[in-house]
1. Label points 7 Å out from Cα along the Cβ direction at Met13 and Lys92: separation in nm?
2. Could you point to the residue in Ser36, Gly22, Leu71 farthest towards the positive end of segment 18-87's charge dipole, with +1 and -1 charges on the Cβ of Lys/Arg and Asp/Glu respectively?
3. Starting from 0.36 nm per residue, how many nanometres of slack lie between Arg82 and Ile45 once their C-alpha separation is accounted for?
4. Quick check on packing: order 27-36, 46-55 by the mean number of other C-beta atoms within 10 Å, highest mean leading.
5. Magnitude of the Cβ-charge dipole of segment 28-87, K/R +1 and D/E -1, about the Cα centre, nearest 20 debye?
6. Label Ser38 and Arg20 with points 7 Å out from Cα along Cα→Cβ: what is the distance between them in nm?
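Each reported figure results from applying straightforward, stated rules to the coordinates on display, with no laboratory input. Bear in mind the structure is a predicted one, so any value in this text is a computation, not a measurement. Counting neighbours? That spans all protein chains shown, and the Cβs are built from the backbone with ideal geometry, glycine included.
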Amino acid sequence: MNPWRELLLELQMVRIRLRRRGRKKAPYYRIVIADSQSPRDGRFIEIIGQYQPRQGNNAVNLDVARTNYWLDNGAQPSDTVRSLLRRAGVLKNRHEARLGRKLTAAAVPVSEKAAEA
């Protein structure tokens with residue numbers, strides 16, 4: 001095999017995206033982890049949730065732990081999935097956790113003498 005092709009196969013990106021299911025005019029989508037090169041309804045690695053657009057407020061069901069695992073390992077969500085993750089609060093929690101780690105690392109304890117003065 002061509003060494004460049006082997007390198008490209010190693011560097012393929014993993015995406016979090018929607019996979020359409022359901023019948024005509026009544027879709028529901030599975031939120032899946034898939035290789036960026038595979039087709040929309042083709043092969044996938046793992047199912048991490050479901051999106052039912054016709055259900056209203058309870059439209060998104062996610063396995064948050066697995067979602068965070070894949071995001072930590074570099075999976076890139078599609079634009080639609082990013083908006084669903086934002087609506088479910090996953091991205092906000094990740095952002096707050098990251099900020100909390102930065103703030104606690106940068107915080108300097110105040111000495112008691114400085115507090116009394």
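1. Result: 2.7 nm between the two label points.
2. Of the candidates, Gly22 comes out farthest on the positive side.
3. Values: separation 37, 0.36 × 37 = 13.32 nm, distance 1.84 nm.
Value of the extension gain: 11.5 nm.
4. 27-36, 46-55
5. On the way: 8 positive and 6 negative charges, 49 e Å.
Its charge dipole is roughly 240 debye.
6. 1.8 nm
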